[in-house]
Amino acid sequence: MALIKSISGIRGTIGGAAGHSLTPPDIVKYASAFAQWVRKHSTSKKIVIGRDARISGKMVSNLVTSTLQSLGIEVIDLGLSTTPTVEMAVPKEKAGGGIILTASHNPKQWNALKLLNEKGEFLSASDGDQILKIAELSELSFAMIDDLGDYIKKREYIDYHINEILKLPLVDKELIQSKNFKVIVDGVNSTGGIAVPALLEKLGVSQIEKLFCEPTGEFPHNPEPLPENLTEISSKMRSGAFDLGIVVDPDVDRLAFLNEDGSLFGEEYTLVAVADYILKNKKGPAVSNLSSTRALRDVCTKHGVEYHASAVGEVNVVEKMKAINAVIGGEGNGGIIYPDLHYGRDALVGIALFLTHLAQSGKNMTELKAGYPPYHISKNKIELTPAIDVDDLLIKIKSVYKEEDINDIDGVKIDFDHGWVHLRKSNTEPIIRIYSEAKDESSANQLAEEMKGAIGRILG
């Protein structure tokens, strides 16, 4: 059983003991704290909620709704929705905040309360800390009978979201329609199974095969869109019947594509391809986090614009994008952030922009991918004893590699001519995560092994 409290929200496994997993008392406790924070920071007494299709979603939604109403909050319930849809609904409704009930790519036993501010964006570190402190103080005052909050269902927001995407100048519906793409969609039996086919139909894609698109919450495979979890859609595509495959996670903020032969386009290259298209049409900086592929930097160089790296995490990417007025950004896990629509990872806008790019290119998926610099990322970790001072260890690593290009805004990232290594300490366990990238798998693994050796020597 697990309960993880962080600045972005509360996530945990369903069932078990209160305070040790995501139980009804915990849901009520943190929903109450968020409602109190909203009342202090906004003149609006509205909160927008929406959920993915996981089995516990309806139960968690009922608990959150009743808790918010008991604190005098008007609840705007989008029902089955997506994370980016809720993000867009919050400012549209002039709400004081939002709660997305989803554990993203985690398995079905998990759920979470992801918290948004009045802009429909994830909370800053300081705001998240305030909510956690409010929850621990337990100094709540509930509404009297005449002041209970209203409850309003609004189920049209996925359509609103899609229509706003269609209005974007860089989304070319007519061109996409003219290509007569044949697409297969894996919606992992969550809300992507509703939203992605609806978007494709509005874009004029008439040949759509739906795989796991019933929003039952019974995930047919591990819901994280990684190669080892996508065997069924890959197998179906090897027949040659489709131009591309589209895969999203349960809350539709991560996006992965498959090539016409069933091979993976590469989750890291989702952002690279979309950024290439955006930068061809609109000049400006681009942002990804430190653990994302160097290919985005190469694409920025090709278009004569600046590339910037942020600390890992959507909040950090958005903060950097705003600071430099970036025109595109995101994370290497398939998260596209397109500020002309909103500041949040959004698989739906990513699909629309990517399909326009693919249609304009006149290439198939394999040919499009071949046009980008080839890189391979290797992900490793080293377990450490609690007695080891990880911060001191990272300082010593910096000293060892002081002649190289080093970024220490989030752990230590060392850029070599032939690749990079990023070391970050875990916030929840005594391990160091080691991500490395090079032109091929062997070289990426070699960089990781070199770093493990350096750590071993420092630790004696």
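How large is Rg over Rh for the stretch 68-124, taking Rg from the Cα atoms and Rh as the Kirkwood inverse mean of 1/r across Cα pairs?
Numbers: Rg = 11.6 Å, Rh = 11.9 Å.
Ratio of gyration radius to Kirkwood radius for the stretch 68-124: 0.97.
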- request: Express in % the proportion of alpha carbon pairs of the stretch 132-218 at distances exceeding 15 Å.
  value: 72
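Please give the calculated 222 nm ellipticity per residue for the chain, where each DSSP H segment of at least 4 residues contributes -39500 (n - 2.57) and the sum is spread over every residue; nearest 500 deg cm²/dmol? Before the final figure, lay out the partial values.
Working: 15 runs with 176 residues, N = 460.
-12000 deg cm²/dmol, from helical runs alone.
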query: Listed highest first by mean packing, meaning other Cβ atoms within 10 Å per residue, what order do 386-394, 295-303 come in?
result: 295-303, 386-394
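What fraction of the DSSP beta bridges in the stretch 264-366 is antiparallel, stated in percent and rounded to the nearest 5?
Working: 4 of 11 bridges.
Given both bridge residues lie in the stretch 264-366, the antiparallel proportion sits at roughly 35 percent.
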- prompt: Using alpha-carbon pairs under 8 Å, 6+ residues apart, how would you state the relative contact order of the stretch 1-156 in percent?
  reply: 31
message: Considering the Cα positions of the stretch 318-384, please state its Rg to one decimal place and its Dmax as a whole number of Å.
response: 15.3, 50
- request: Would you mind checking Lys302/Lys398; Lys320/Lys402; Lys179/Lys369 for any pair whose Cα atoms are more than 23 angstrom apart?
  value: Lys302/Lys398; Lys320/Lys402
Solvent exposure of the chain as accessible area per residue, Å², 1.4 Å probe: 41
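Using Cα pairs under 8 angstrom and six or more residues apart, how large is the relative contact order of the chain, in percent? Kindly include the intermediate steps, with their values, before the conclusion.
Details: 1035 pairs, mean separation 53.1, N = 460.
Result for the chain is 12 percent.
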statement: Note on the chain: helices (DSSP H) long enough, at least 30 Å by alpha carbon along their axis, and hydrophobic enough, mean Kyte-Doolittle at least 1.0, are none
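Checking a compactness column here: for the chain, what do you get for Rg(Cα) / (2.2 N^0.38 Å), N being the number of residues? Let's see the in-between values first.
Details: Rg = 22.2 Å, N = 460, 2.2 N^0.38 = 22.6 Å.
The reported ratio for this selection is 0.98.
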field: Rounded D (µm²/s) - the stretch 372-412, Kirkwood Rh over Cα pairs, Stokes-Einstein at 4 °C, 1.567 mPa s
entry: 102
In sequence order, calculated HN-Hα J values of the stretch 282-291 (Karplus, 6.51, -1.76, 1.60; Hz; x Gly/Pro): 8, 7, x, x, 10, 9, 9, 7, 4, 9
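Ordered by packing density, taken as the mean number of other Cβ atoms within 10 Å over each peptide's residues, highest first, how do 452-459, 228-235 rank?
Details: 452-459: 13.9, 228-235: 15.5.
So the order, starting with the most tightly packed, is 228-235, 452-459.
The values are calculated or read from the model by the stated rules, or taken from the named source; none is laboratory data. None of the values given here were measured: they were computed from a predicted structure. All Cβ positions, glycine included, derive from the backbone under ideal geometry; neighbour counts span all protein chains shown. Calculation scope for accessible area: heavy atoms of the full protein, side chains included, ligands and nucleic acids excluded. Shrake-Rupley method; radii C 1.70, N 1.55, O 1.52, S 1.80 Å.
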